[in-house]
Amino acid sequence: MKQFILFLLLLVACSQGQPQQTETSKAEPQLPDPNEVQHLIDKTFKDMIFVKGGSFMMGDPVEPFVKIINDAVKKGDKYSKYMSSDRNRPVHKVTLDSYYMGAYEITYADYDIYTKATGQALVLKKNRHDPIRYSPQRPVGISWNGARDYCQWLGKQTKLPFDLPTEAQWEYAARNRGQNVVFATDTGLLEPGRNFTRNGIPALAKFPEEVGLYTPTPMGFYNLSDNADEYVKDWYAKDYYQQSPEHNPQGPKVGTHKVTRGGGFYSELDGTTVARGISSRFDKNIPGTSFRCVINTDKPLPEK
């Protein structure tokens, strides 16, 4: 009996010397907070602006754009000359259905809720130690796939047709439903510190500012001419404008570059207009390249 008790004591002593495996020592997956997701959905609806469909002449007509731009910038400024690009021509008629487009670029705060809800790592996680450059209200630096996945995820949550805007939708909204606007600001001119980044042209900032700091366009959109390049849905093809359908063009079916719109924090004059840009690195998360979403419906959105 004494030998049995001694044996038990030895077993207990041995077990105490070994690391214990418990349920709490296991890494538990982080579950999405339904309140955070609902807050994001409510915010998204609140920030959506209805864009009534219609027809406009899409593209860069060269004149009067060149004259407007060169007159808008201080005489003698070395960035006062605007060179039009063939990729913005020919001007062609486009007719769009009504839709909604987000007033703001998607921020890190917005995108972090999405990555948490879908079990993904934070975007640009290795860079996020910088609390200023990657602060929550700055536009998220993302890939084209990451941008579209976010919009389509919102669509699954709401059962609404969310997507990236087509470049026709983006330009139509930026030009106040197709007006001859060169810069997407409230006056059509650039006034640094009021309706455009205080950094001026060329932008001297090292990273985007927080969204919504300056006066919006007449329709209520922010940062369409500054802050971050924005992905749109379309592939890029130099000759696409020559064959684009009139009604709701979607861009080429395949390609090697994606179209971007808007002006980045590093842009010179050409990059701040409503004209198109292109991205060859659309598969990488790039600080300074962001996006906003559209909802392709003309029906009223749920109560905000």
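Points worth noting:
- Scanning region 121-139 for residues that are touching a Pro at 6+ places or on another chain (Cβ under 9 Å) and in a loop (DSSP other than H, G, I, E, B) gives Leu124, Arg133, Tyr134, Arg138.
- Residue list for region 33-54, filter: outside any helix (DSSP H, G or I) and either open to solvent by 70 Å² or more (accessible area, probe 1.4 Å) or at pLDDT below 95 (or both): Asp33, Phe50, Lys52
- Verdict on Gln152 being touching a helix residue (DSSP H, G or I) at 6+ places or on another chain (Cβ under 9 Å), among the polar types (S, T, N, Q), at pLDDT 95 or above and under 19 Å from Leu40 (Cβ atoms): no
- Checking every residue in region 59-66 against the condition of being open to solvent by 60 Å² or more (accessible area, probe 1.4 Å), under 24 Å from Thr166 (Cβ atoms) and either in a loop (DSSP other than H, G, I, E, B) or at pLDDT 65 or above (or both) gives zero matches.
- The residue that is modelled with the highest pLDDT, among those in region 277-304 that are touching a Gly at 6+ places or on another chain (Cβ under 9 Å) and either open to solvent by 10 Å² or more (accessible area, probe 1.4 Å) or polar (S, T, N, Q) (or both), is Asp298.
- Positions within region 213-230 being of a type outside the set (Asp, Glu) and either modelled with pLDDT under 95 or open to solvent by 30 Å² or more (accessible area, probe 1.4 Å) (or both), in sequence order: Leu213, Tyr214, Thr215, Pro216, Pro218, Met219, Tyr222, Asn223, Leu224, Ser225, Asn227, Ala228
- Look at region 85-109: where a residue is among the acidic types (Asp, Glu) and a partner is open to solvent by 60 Å² or more (accessible area, probe 1.4 Å), sitting 6+ places away or on another chain with Cβ atoms under 7 Å, you get Asp97/Asp298.
- Flag for Lys93 being in a helix (DSSP H, G or I) and modelled with pLDDT of 95 or more: no
- Residue in region 68-82 that is at pLDDT 55 or above and of a type in the set (Lys, Arg) present: no
- Identity of the residue in region 161-183, within 18 Å of Tyr104 (Cβ to Cβ) and open to solvent by 10 Å² or more (accessible area, probe 1.4 Å), that ends up modelled with the lowest pLDDT: Asn176
- When each of Tyr134, Tyr150 is tested for being within 18 Å of Gly264 (Cα to Cα), out of contact with any strand residue (DSSP E or B) (no Cβ under 7 Å at 6 or more places or on another chain) and among the aromatic types (Phe, Trp, Tyr), the lone residue that passes is Tyr134.
- Which numbered condition Pro249 fails, given (1) at pLDDT 85 or above; (2) part of a loop (DSSP other than H, G, I, E, B); (3) out of contact with any helix residue (DSSP H, G or I) (no Cβ under 9 Å at 6 or more places or on another chain): (3)
- Breaking point among (1) within 27 Å of Asp60 (Cβ to Cβ); (2) modelled with pLDDT of 95 or more, for Asp110: (1)
- Top-ranked residue in region 113-126 [being open to solvent by less than 40 Å² (accessible area, probe 1.4 Å) and in contact (Cβ under 8 Å) with a residue 60 or more places away in the chain; ranked as farthest from Pro34 (Cα to Cα)]: Leu124
The values are calculated or read from the model by the stated rules, or taken from the named source; none is laboratory data. Being a predicted model, the structure only gives us computed values, none of them experimental. Virtual Cβ from ideal backbone geometry, glycine too; neighbours counted across all protein chains shown. Surface accessibility is based on the protein's heavy atoms, side chains included, excluding ligands, DNA and RNA. Shrake-Rupley method; radii C 1.70, N 1.55, O 1.52, S 1.80 Å.
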